[in-house]
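Worksheet: the structure to be examined is printed underneath.
The values are calculated or read from the model by the stated rules, or taken from the named source; none is laboratory data. Just so it is clear, the model here is predicted, and its values are computed rather than measured. Every residue, glycine as well, gets a Cβ built from its backbone with ideal geometry; the counts of neighbours run over all protein chains shown.
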Amino acid sequence: MTNAVLGIIGGSGVYDMPGLQNQHWKRVDSPWGEASDELLFADFEGLPIVFLPRHGRGHKLSPSDINFRANIDCLKRAGVTDLVSVSACGSFREELPPGTFVFVDQFIDRTFRRESSFFGKGVVAHVSMAHPVSPALVDRVATAAEEVGIPGKRGGTYLAMEGPQFSSYAESMLYKSWGCDVIGMTNMPEAKLAREAEICYASVGMVTDFDCWHPDHDHVQVSDIITTLFGNAAEAQKMLAVLAKSFPRQHEACPIGSDKALDVAIITQPEHRDSELVAKLDAVAGRVLLPKV
């Protein structure tokens, strides 16, 4: 059995949660470049937890400047088995007002400036993204939110836009017509890379505003978003504390195989693999690429 290590990506309101013990920040080097920040290692009632500020402490990085590959690689090197992504988002639905948490189960990726895979020339792999989140992990997170009384919706489609600008009205109406539930700038390619790294992934979209389709929200203000974000972060702390308290100390196998995603994904034959890329993939794909000692 593998010991469970719970990873959390979010902002300062999340990693300042009470009850943490043995806290220390540590730099984790990655062959994929600089991660957003050091990692915060801590324990919660015996459960190892690793936090990563997605935008860096002080919110120094725009969504397009985040090195998603380095972030996921560092979390993998830190032993993370299950990853909860907590992020702000806008809503496309009247029934999902600010303060609602959406436990996302699908994505539409409209980003275009970001490196979205660890694999490529020399080691080709194709992981399945039909079901991009780990249902058992999502269920645990949603149950924790319900226990502390957070209004939420299980299931929903997250439209990932490039940013950093907010949507035009025409874009907002288009995405709404597609049946999207929320919109944000950070969950892609994060979810894709977590799947490639065989980390179980769950996304919590914390609604801060209605996107500009809404007649009362056609001018999205950062100040309004930040006010709601602080309230959401406080609720997220409560949710994560309940999650950590009940979280299994041994990693549970993912029912859809997120933690074994590379078993049938790598196509390049061993004799044709690029040795430099294989070396960079030691943490992400070492289980299937490197010979057993």
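The residues of the stretch 74-115 that are under 16 Å from residue 190 (Cα atoms) and of a type in the set (Phe, Trp, Tyr), listed by number, are 103, 107, 112. Out of 123, 141, one residue alone is touching a strand residue (DSSP E or B) at 6+ places or on another chain (Cβ under 9 Å) and within 18 Å of residue 232 (Cα to Cα). It is 141. Entry remark, the stretch 251-293: residues being assigned to a helix (DSSP H, G or I), out of contact with any Leu (no Cβ under 9 Å at 6 or more places or on another chain), touching a residue at least 60 places away in the same chain (Cβ under 8 Å) and of a type in the set (D, E, K, R) number 4 in total. Within the option set 118, 166, 107, being assigned to a loop (DSSP other than H, G, I, E, B), surrounded by 20 or more Cβ atoms within 10 Å (Cβ to Cβ) and either at pLDDT below 95 or of a type in the set (Phe, Trp, Tyr) (or both) holds for one residue only, 118.
Take the conditions more than 15 Å from residue 79 (Cβ to Cβ) and surrounded by fewer than 18 Cβ atoms within 10 Å (Cβ to Cβ) and apply them to residue 11. Does it pass? So residue 11 does not fit the description; no. Quick one: in the stretch 36-47, of everything that is buried (at least 20 other Cβ atoms within 10 Å of the Cβ) and of a type outside the set (A, V, I, L, M), which residue is nearest to the chain's Cα centre (by Cα)? By that ranking, first place goes to 36. Against the numbered list (1) touching a residue at least 24 places away in the same chain (Cβ under 8 Å); (2) closer than 25 Å to residue 117 by Cα, residue 154 comes up short only at (2). Does residue 105 satisfy the criteria of being more than 17 Å from residue 258 (Cα to Cα), touching a residue at least 40 places away in the same chain (Cβ under 8 Å) and charged (D, E, K, R)? So residue 105 fails the test. Restricting attention to the stretch 46-80, the residues being hydrophobic (A, V, I, L, M, F, W, C) and in contact with a Gly (Cβ under 6 Å, 6 or more places away or on another chain) number 4.
Going by the structure shown, is residue 208 among the hydroxyl-bearing types (Ser, Thr, Tyr), surrounded by 21 or more Cβ atoms within 10 Å (Cβ to Cβ), part of a strand (DSSP E or B) and in contact (Cβ under 8 Å) with a residue 40 or more places away in the chain?
yes
Entry remark, the stretch 242-293: residues being more than 14 Å from residue 122 (Cα to Cα) and of a type in the set (D, E, K, R) number 9 in total.
Flag set for residue 68, criterion: crowded, with 18+ Cβ neighbours inside 10 Å, modelled with pLDDT of 95 or more, under 16 Å from the mean Cα position of the chain (by Cα) and aromatic (Phe, Trp, Tyr). Restricting the stretch 82-104 to residues that are over 28 Å from residue 3 (Cβ atoms) and among the hydroxyl-bearing types (Ser, Thr, Tyr), the residue that is surrounded by the most Cβ atoms within 10 Å (Cβ to Cβ) is 91.
Could you pull out the residue among 42, 35, 70 that is in contact (Cβ under 8 Å) with a residue 12 or more places away in the chain, of a type in the set (A, V, I, L, M) and in a loop (DSSP other than H, G, I, E, B)?
Sole residue among the options that is in contact (Cβ under 8 Å) with a residue 12 or more places away in the chain, of a type in the set (A, V, I, L, M) and in a loop (DSSP other than H, G, I, E, B): 35.
The number of residues in the stretch 76-97 being more than 21 Å from residue 63 (Cα to Cα) and in a loop (DSSP other than H, G, I, E, B) comes to 9. Of all the listed residues (224, 218), the sole one being part of a helix (DSSP H, G or I), farther than 16 Å from residue 141 by Cβ, at pLDDT below 95 and acidic (Asp, Glu) is 224.
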